[in-house]
Amino acid sequence: MKHKIIFVDWENECEDGSCYESGTRLLVNGKQVLESVTPVKAVKAVLDELGIDYEIKEQQDED
């Protein structure tokens, strides 16, 4: 089965122009799973939605 993963960029501005927000929605097989996406959150959300067991380790580059 091929799963459909979509990233949708969005912008929102208040009517009076006093505020502005933007972000990216993540949809998996037509279901929105995140409203605001970071790379790690996106990977976790996709794997969770597909029921895949995983382990992700985040670390800093040590130059």
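Count, please, the residues in region 22-63 that happen to be within 11 Å of residue 7 (Cβ to Cβ) and touching a residue at least 40 places away in the same chain (Cβ under 8 Å).
The number of residues fulfilling the criteria is 1.
Could you tell me which of the residues 8, 37, 33 is in contact with a strand residue (DSSP E or B) (Cβ under 8 Å, 6 or more places away or on another chain), in a loop (DSSP other than H, G, I, E, B) and not small (Gly, Ala, Ser)? Outline the logic, then answer.
On the way: 8 fails: in a loop (DSSP other than H, G, I, E, B); 33 fails: in a loop (DSSP other than H, G, I, E, B).
After applying the criteria, what remains is 37.
When only residues in region 1-49 that are hydroxyl-bearing (Ser, Thr, Tyr) and more than 29 Å from residue 59 (Cβ to Cβ) count, which is surrounded by the most Cβ atoms within 10 Å (Cβ to Cβ)? Before the answer, list the steps.
Taking region 1-49 and keeping what is hydroxyl-bearing (Ser, Thr, Tyr), we get 18, 20, 22, 24, 36, 38.
Add one more test, that the residue is more than 29 Å from residue 59 (Cβ to Cβ), and what stays is 18, 20.
Details: 18: 7, 20: 9.
Here the answer is 20.
No value in this document is a laboratory result; all are computed from the given coordinates. Predicted model, so just to flag it, every value in this text is computed and none were measured. Note that we place each Cβ from the backbone using ideal geometry, even for glycine, and neighbour counts take in every protein chain shown.
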